[in-house]
Amino acid sequence: MKVPDKLANSVRARWPDRADTWLTSIGPELDELTRQHSATPQRVLPARYAFVVSATSPHGPLIFRASPDPAALDQATVAEALGRLDVGPKIHVTSSTNTGSWTVMEQVIPGTPLADADPATLDIEALARPLRAMAGQPAPSADLPLITDWLRDRLTDDNLTELPEGEQVAPKTERAHALELLDELTADMRPGLCHGDASPWNVLAGPNDQWKLIDPRGMQGGPEYDAAVMAYKLDRLLSLSGACLKLFDAVMLDNSRIRKWLKVAASARV
């Protein structure tokens, strides 16, 4: 199971001080984990900052995910909460190493990303179910960072480099307005369970018309933010502006807050 060159380059660019040690450790650590789970690796799946391998096992199809991200354990904490709520894959094992962390989880089948869905057949009601299920759920840990702090850092960074492909930093006036909205949202926000990165690449088709959320950001927030990000990304990737309005209604959350979050997310170039 070779680490893709694109992944290796992305990791070296983001975490230059730990990348090479992490990349060297992946092979033997994967061998040991697959041995423990009697699993047979099948193929490397595309991911920007993690090494992800699908595998077969006597207990069903599994995913082995390695990450050098220092925040990976926070991400795993949220992923476990999503799995318990059945809106994310069930997490079997989370382990920390000297160079990063590993997560072993059930594989979502068929696993087609929302980004590759057929807009003509997309069931908005089904897409909204995970977000509705998250509403009112407490954060899995009070120690998780706040999504509002992360967004504020992005909005005040004139030299932001971690941007979606083809995007540039938003104009200062746009970011200033977004900061005002963020202050309003923060004032009466009760932090709870939040995915934090509900882009169409992190929403996978599961069995029985279910959608599962993967690769959470590892922060506290709220499902209104997730609904805003999902709508924003759907509009950009699938040109589903009409579907976004249906999503706002289907999630049964505060539409006025979702719209404010959407403006903040767009200005922060999430």
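We did not get these values from a lab; they are worked out from the coordinates using the rules stated. The shown structure was predicted, so the numbers you read here are calculated from the model rather than taken from an experiment. As a convention, Cβ positions derive from the backbone with ideal geometry for all residues, glycine included, and neighbour counts pool all protein chains shown.
Listed values, structure above:
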read-out: Cα gyration tensor category, rounded, prolate or oblate, for the stretch 55-152 with a/c compared to 1.5; value: oblate
read-out: Relative contact order [Cα under 8 Å, 6+ residues apart], the chain, whole percent; value: 19 percent
read-out: Computed lengthening from Asn255 to Thr56, 0.36 nm per intervening residue step minus Cα-Cα distance; value: 67.4 nm
read-out: Extension gain (nm, one decimal) between Arg236 and Glu125, 0.36 nm per residue minus Cα-Cα; value: 38.0 nm
read-out: Aspartates and glutamates with Cα under 16 Å of Lys172, excluding same-chain neighbours fewer than 8 positions away; value: Asp153, Asp157, Asp158, Glu180
read-out: Residue among Ala231, Ala115, Ala142 with the largest mean-square fluctuation in a Gaussian network model of the chain, springs linking Cα atoms under 10 Å; value: Ala142
read-out: Spread of Cα-to-Cα distances over 10 Å intervals beginning at zero, given as percent, for the stretch 118-270; value: 11, 43, 36, 10, 0
read-out: Asn98-Glu165 FRET efficiency (beta carbon distance; Förster radius 30 Å; 0.05 resolution); value: 0.40
read-out: Cα gyration tensor, the stretch 1-93 - rounded (a/c under 1.5), prolate or oblate; value: oblate
read-out: Among Gln168, Gln107, Gln210, residue whose mean-square fluctuation peaks in a GNM of the chain (springs only between Cα atoms under 10 Å); value: Gln168
read-out: For Rg/Rh (Cα atoms, Kirkwood Rh), calculated from these coordinates, the label among (i) 0.93; (ii) 0.96; (iii) 0.99; value: (ii)
read-out: FRET efficiency, Glu32 to Thr186 (Cβ-Cβ, R0 45 Å, nearest 0.05); value: 0.55
read-out: GluC sites (Glu not before Pro) restricted to DSSP loop in the stretch 106-193 with at most 15 other C-beta within 10 Å; value: Glu162, Glu165, Glu167
read-out: Neighbour-count ranking [beta-carbon atoms within 10 angstrom, fewest first] of Met105, Met230, Met134, Met1; value: Met1, Met105, Met134, Met230
read-out: Projected label distance in nm at Ala71 and Ile109, using a 7 Å step from Cα toward the beta-carbon; value: 3.3 nm
read-out: Exposed-loop-free span, longest in the chain, where trypsin sites (Lys or Arg not before Pro) count as exposed if DSSP calls them loop and at most 11 other C-beta atoms lie within 10 Å; value: 49-270
read-out: Distance violations [Cα-Cα > 23 Å] among Lys90/Lys263; Lys2/Lys233; Lys233/Lys260; value: Lys90/Lys263; Lys2/Lys233
read-out: Projected label distance in nm at Lys90 and Asp153, using a 7 Å step from Cα toward the beta-carbon; value: 3.5 nm
read-out: Listed residues Phe51, Leu73, Ser38: farthest to the positive end of the dipole of the stretch 5-106 (Cβ charges); value: Phe51
read-out: Selected from Pro207, Pro191, Pro113 as most flexible by GNM, with the chain as the system and alpha-carbon contacts under 10 Å; value: Pro207
read-out: Residue-averaged [θ]222 nm for the chain, counting only DSSP H segments that reach four residues, each worth -39500 (n - 2.57); value: -13500 deg cm²/dmol
read-out: Sequence of Thr21, Thr161 once ranked by neighbouring C-beta atoms within 10 Å, starting from the fewest; value: Thr161, Thr21
